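Structure record follows, encoded as structure tokens.
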Amino acid sequence: MEILLAKSAGFCFGVTRAVNTVYEEIEKHKEGENRKIYTFGPIIHNEEVVNDLERKGVEVVNSIEEFDTLEKGTVIIRSHGVSKSVYDKIKEKGFDIIDATCPFVKKIHDTVFEKGKENYEIVIIGNAKHPEVEGIKGWCITKTTIINTEEDALAFETEETSKLCIVSQTTFNYKKFNYLVEILAKKLYDIIVVNTICNATNERQLEARKIAKSVDTMIVIGGKSSSNTQKLYEICKEECENTFFIQTVEDMKNLKLLPSKAIGITAGASTPKNIIEEVQNYVRIKF
């Protein structure tokens, strides 16, 4: 049996940078800086990594209100980024900030802020409940609409004289993004489209689709709350009906896999290398 492992599987640049930032701070504190370390939200959507950091003393803070009862310390902003108001409020409460926002996400913040000053309305294509999209919206200073589905795009209306700037969640499905932009463009507004899906996401999706087309079984590894992993699963499922979404090698033991000549494996941007290797070894031994 052949095992096809996606070269793009695992941590992307932004996630690697954010996770390394937290571990570097832990090491600094071991050397004498006795200050509490917090992350605003889980540093990545992966329980294994978050649990390891908690064992090393890093606390996850999920709301601004929580800071009122916490010991002063250092707050690390995760790769998803936060709104300007959240950033400012953390500072106001007397905490130091280390900003590990992915540079690609930070570029979107700058884009929507600058275009807002030019009186563009902002359209964000993405999941309204995703922290990255919440953060992007928090840098918009003009009317902002979030579009996630074909129905959202078809229903969109604004003033005929409006100027629109369209951006995207960095992990959005590239094919779906183009489709939604096509719908909006037909409405004949004055539109600027800034494709802010990061290259790593696009490459990961293209590779996943290619592998899924050529195998009998496809395994997608990542956290259940990971948006980019969910997108990978959807893409692979379109090409390979026998596609499974797992978090760790333990989940493999509950799967009823059919005999396969070829099994493909990919993983989301928040999946550590060791988990990918464990799954790959399990498949190699068991099948």
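Sub-9 Å Cβ pairs linking a first residue in segment 137-165 that is closer than 10 Å to LEU184 by Cα and among the aromatic types (Phe, Trp, Tyr) to a second residue that is outside any loop (DSSP other than H, G, I, E, B) and modelled with pLDDT of 95 or more, at least 6 apart or interchain, are PHE156/VAL123; PHE156/THR145; PHE156/ILE147; PHE156/ILE183; PHE156/LEU184, ordered by first then second residue. Search segment 140-168 for residues being farther than 16 Å from ILE192 by Cα and in contact with a Gly (Cβ under 8 Å, 6 or more places away or on another chain), and hand back the single one that is surrounded by the fewest Cβ atoms within 10 Å (Cβ to Cβ). Here the answer is ILE141.
When VAL49 is tested against (1) out of contact with any strand residue (DSSP E or B) (no Cβ under 7 Å at 6 or more places or on another chain); (2) farther than 30 Å from ASN202 by Cα; (3) crowded, with 17+ Cβ neighbours inside 10 Å, just one condition goes unmet, and that condition is (2). Just one of the listed residues (ILE197, ILE211, ILE191) is modelled with pLDDT of 95 or more and not in a helix (DSSP H, G or I), namely ILE191.
Given the options ILE90, ILE76, name the one that is in a helix (DSSP H, G or I), surrounded by 12 or more Cβ atoms within 10 Å (Cβ to Cβ) and modelled with pLDDT of 95 or more.
Details: ILE76 fails: in a helix (DSSP H, G or I).
Result of the check over ILE90, ILE76: ILE90.
In segment 169-226, of all residues being touching a residue at least 40 places away in the same chain (Cβ under 8 Å) and of a type in the set (Asp, Glu), the one that is surrounded by the fewest Cβ atoms within 10 Å (Cβ to Cβ) corresponds to GLU203. Residues in segment 24-41 that are closer than 16 Å to ILE98 by Cβ and assigned to a loop (DSSP other than H, G, I, E, B): GLU33, ARG35, GLY41.
Could you list, in sequence order, the residues of segment 113-168 that are more than 20 Å from the chain's Cα centre (by Cα) and either in a helix (DSSP H, G or I) or not assigned by TED's automatic domain parsing to the domain that holds LYS187 (or both)? Can you show your working first?
First pass over segment 113-168, keeping only residues more than 20 Å from the chain's Cα centre (by Cα): 113-122, 141-144, 150-165.
PHE113, GLU114, LYS115, GLY116, LYS117, GLU150, GLU151, ASP152, ALA153, LEU154, ALA155, listed by residue number.
The values are calculated or read from the model by the stated rules, or taken from the named source; none is laboratory data. As the structure is a computational prediction, the values presented were derived from the model and not from experiment. Glycine gets a Cβ as well: all are built from the backbone with ideal geometry, and neighbour counts include every protein chain shown.
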